[in-house]
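Visitor: Mind looking over this structure? Questions follow.
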Amino acid sequence: MTPIQAPFPATRLRRLRASAALRDLAQENHLSVKDLIWPVFVTDVPGADVEIASMPGVARRTLAGTVAAAEEAARLGIPAICLFPYTDPALKTEACEVAWDENNLVNRTIRAIKARVPEVAIMTDVALDPYNANGHDGLVRDGIILNDETNVALVKMALAQADAGADILGPSDMMDGRIGAMRAALEAAGHTNVAILSYAAKYASAFYGPFRDAVGASGALKGDKKTYQMNPANSDEALRLVARDLAEGADMVMVKPGMPYLDIVRRVKDAFGAPTYAYQVSGEYAMIEGAARAGWVNGDAVMLESLMAFRRAGCDGVLSYFAPRVARALAAR
């Protein structure tokens, strides 16, 4: 579209910035509490429910504390939370059996939240890294990540979470073919209304470090994840991955990380028009919060501006650790 406008001075673009009322009328994008998904870390390891050093202001929560967070989300109007477990290292194995145990921490937490605040949607993480002695998202043999064998495990994990009451499954593993396998299994099990928000374009990024601290995967990881997560230099590949996951039955798609990859968000939204999300990942959070605590930036202003950037790029929603603070800031306006 080519904009049509009269030459200066008939057109003065500053006219629509002259007052708050005019700026509001001309604003193209809006940020709402309804655009937020709040990632929450849950643990039952004694003494582990503490603030995460590399994510100041974010703490691991007990099961009861996570239920309280869901209640807080309901009060603030945040529509969904996403659960990530900090697993006792003694429970981690190379076969990752705890991942699909119906009574594992995540599944118990899902049931507890649904019993107290059923109106809050629960999103889960479908990947093996919290349960894997090797720290990887997939099963490992002789240093190789096993794609097809991992998919079998991920399907069992997804079904256990759906049985527990999860509303949204978030496959973050990046194995080929896992969306089709999960969708077929969910349909066969009668979970026709469980949505899949696929981490369709997840990059092998350096921005994930604090998250790995939060879930206890930093020390366990052997090698890197470059054979299954995307090369940060690629963008056309992201469109192929999104197209594949939508064709296999994903209801929504995600780009991860967030702000450094907003060009990918824009391309995905323009190409497919599907519900498109991004994750403001731990490294992004840590940089903003760290700079704010040092007094280098206005923390709330940068927080809100960063999330508006996601909306402007085409995101329908954002996973952000700032979610409750954003909700309060928007309510105070």
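Derivation of every value follows stated rules applied to the coordinates shown; laboratory data play no part. Not measured: the values here are computed from a predicted model. Please note: Cβ atoms are built from the backbone with ideal geometry, for glycine as well, and neighbour counts cover all protein chains shown.
Visitor: Would you mind finding the one in Glu71, Glu51, Glu28, Glu102 that is charged (D, E, K, R) and in contact with a helix residue (DSSP H, G or I) (Cβ under 6 Å, 6 or more places away or on another chain)?
Guide: Glu102
Visitor: What number goes with the only condition from (1) surrounded by 12 or more Cβ atoms within 10 Å (Cβ to Cβ); (2) more than 19 Å from Leu105 (Cβ to Cβ) that Pro3 does not pass?
Guide: Among (1) surrounded by 12 or more Cβ atoms within 10 Å (Cβ to Cβ); (2) more than 19 Å from Leu105 (Cβ to Cβ), the lone unmet condition for Pro3 is (1).
Visitor: I need every pair where a residue in region 174-191 that is within 15 Å of Glu149 (Cβ to Cβ) has its Cβ under 9 Å from the Cβ of a residue that is polar (S, T, N, Q) and surrounded by fewer than 19 Cβ atoms within 10 Å (Cβ to Cβ), sequence separation at least 6 or different chains.
Guide: Close Cβ pairs satisfying both conditions: Met175/Asn147; Asp176/Asn147; Gly177/Asn147; Arg178/Asn147.
Visitor: Next question. Is it true that Val268 is of a type outside the set (Asp, Glu) and in contact with a Cys (Cβ under 9 Å, 6 or more places away or on another chain)? If you could, list the steps in order and put the result at the bottom.
Guide: Numbers: of a type outside the set (Asp, Glu): yes; in contact with a Cys (Cβ under 9 Å, 6 or more places away or on another chain): no.
It is false that Val268 is of a type outside the set (Asp, Glu) and in contact with a Cys (Cβ under 9 Å, 6 or more places away or on another chain).
Visitor: Could you list, in sequence order, the residues of region 180-217 that are in contact with a Phe, Trp or Tyr (Cβ under 9 Å, 6 or more places away or on another chain) and more than 13 Å from Val126 (Cβ to Cβ)?
Guide: Hits for region 180-217 are Ala201, Tyr203, Ala204, Ser205, Pro210, Phe211, Ala214, Val215, Gly216, Ala217.
Visitor: From the list Ala115, Ala127, which residue is small (Gly, Ala, Ser), within 16 Å of the chain's Cα centre (by Cα) and over 29 Å from Gly299 (Cβ atoms)?
Guide: Working: Ala115 fails: within 16 Å of the chain's Cα centre (by Cα).
Of the residues listed, the single one that is small (Gly, Ala, Ser), within 16 Å of the chain's Cα centre (by Cα) and over 29 Å from Gly299 (Cβ atoms) is Ala127.
Visitor: Still on this model: Take region 21-43 and flag every residue that is under 21 Å from the mean Cα position of the chain (by Cα) and part of a helix (DSSP H, G or I).
Guide: Listed by number, the residues that qualify are Val33, Lys34, Asp35.
Visitor: Restricting to region 285-333, name every residue that is part of a helix (DSSP H, G or I), free of Cβ contacts under 8 Å to residues at least 12 places away in the same chain and more than 26 Å from Glu71 (Cβ to Cβ).
Guide: If the condition is that a residue be part of a helix (DSSP H, G or I), free of Cβ contacts under 8 Å to residues at least 12 places away in the same chain and more than 26 Å from Glu71 (Cβ to Cβ), then Met287, Ala291, Ala292, Ala301, Glu305 are the ones that fit.
Visitor: Please enumerate the residues belonging to region 44-99 that are of a type in the set (S, T, N, Q), more than 21 Å from the chain's Cα centre (by Cα) and surrounded by 21 or more Cβ atoms within 10 Å (Cβ to Cβ). Talk me through it step by step, then tell me what you get.
Guide: Of the residues in region 44-99, the ones of a type in the set (S, T, N, Q) are 54, 62, 66, 87, 93.
With more than 21 Å from the chain's Cα centre (by Cα) added as a condition, the list becomes 93.
Across region 44-99, there are no qualifying residues.
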